[in-house]
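Beneath this line is the structure, given in structure tokens, with notes to follow.
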Amino acid sequence: MTPEDFDRLQTLLATRAGFRLTRDRMKLAEHRLGPVARREGFDSVDAMLAALWAKPVASLGWAVIEALLNPETWFRRDRASFDILTLELLPALAKARGREPIRIWSAGCSTGQEAWSLAIAAQEAGVAAEIVATDLSQRALEKARSGAYTGFEIQRGLKASAMLRWFDQTDEAWIARAELRAAVHFARANLAEPPTDAHRFDVIFCRHLLSDADPKRRGDMIDNLERRLVDDGCLFLGPEEQPEDSLAFRAVAGRKGLFVKSPSAIRRAA
């Protein structure tokens, strides 16, 4: 892959999805695009990119974008966030909402581990929850919907007791049980685009995404999150992430990665 190809990939990724890759990840990008080139019938990544630049095809462009998205995830990633959710937030929200289920959005769910972790948290807290899990990658969503994970994947973040309680073991995989599946709905969505419906959420998990966002699109992403969160809801970002230069959220003291709407955002919505 030439530097020129990488720059064009950057533009494609930023324009369509709102993300960027640093220059030191050019080799990683080429490695991830290799399987896409073979799957699409090209002899090499260079040949695939040449065809894409010569005659842009939406399906090929999105296949390339999906391959470049960061798929890294595991169960109960950043365990402190799940402890806060299970022990503090869900009981408080359940009390405030009465009989209404708590609505949770896993934004950028990748292959689904976060969404299933949220469903487990709700079950352990004894709270009814509706979880919407979205991602740009269709291939990641296919795996997420299957609810099937290898022995390595299931042990990454889950204790043996949780594995046995919430997943059924087969010869080839661990499969999410029906009570988890009933709580989670997977769908494709682009965080860089404005919401297309009026649904809002009590809790949003959007972690380890903003750090890879194109700086020019990051503010739009944060604003889109604010529009989808109820006024007394909570936003979880990665422990080291901040809603940079945004007046929409303020940090919760002593709760790393947890944010609530700022008074100015609430007044603006009113």
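Laboratory data are not the source of any read-out in this text; all were calculated from the coordinates shown. Since we're looking at a predicted model, the values are computed, not measured. Because the Cβ atoms are built from the backbone with ideal geometry, glycine has one as well, and the counts that use them run over all protein chains shown.
List of remarks:
- Shape summary: region 3-68 maps onto an equivalent ellipsoid whose semi-axes, from the alpha-carbon gyration tensor, are 17, 13, 11 Å in decreasing order.
- Cβ charges +1 (Lys, Arg) and -1 (Asp, Glu), total dipole of the chain, debye: 500
- Between the residues 34, 12, 50, the greatest Cα displacement towards the positive end of the dipole of region 3-68, with unit charges on the Cβ of Lys, Arg, Asp and Glu, is found for 12.
- Taking the number of Cβ atoms within 10 Å of each Cβ as an exposure proxy, the fewest-first ranking of 116, 174 is 174, 116.
- Computed from Cα positions, the angle between helix 215-228 and the longest principal axis of the chain comes to roughly 30 degrees.
- The chain: angle of helix 58-68 to the longest principal axis, Cα-based, in degrees nearest 10: 70
- Extending 7 Å from Cα along the Cβ direction at residue 197 and again at residue 251 yields two label points whose distance is 3.4 nm.
- Cβ crowding within 10 Å, taken as a proxy for footprinting-reagent exposure, orders 179, 88, 40 from fewest neighbours to most as 179, 88, 40.
- Binned Cα-Cα distance frequencies in region 52-174 - 10 Å width, integer %: 12, 37, 30, 14, 5, 1
- DSSP bridge analysis restricted to the chain gives an antiparallel fraction near 40%, rounded to the nearest 5.
- For the chain, the longest principal axis of the alpha carbon atoms and the long axis of helix 113-125 meet at an angle near 0°.
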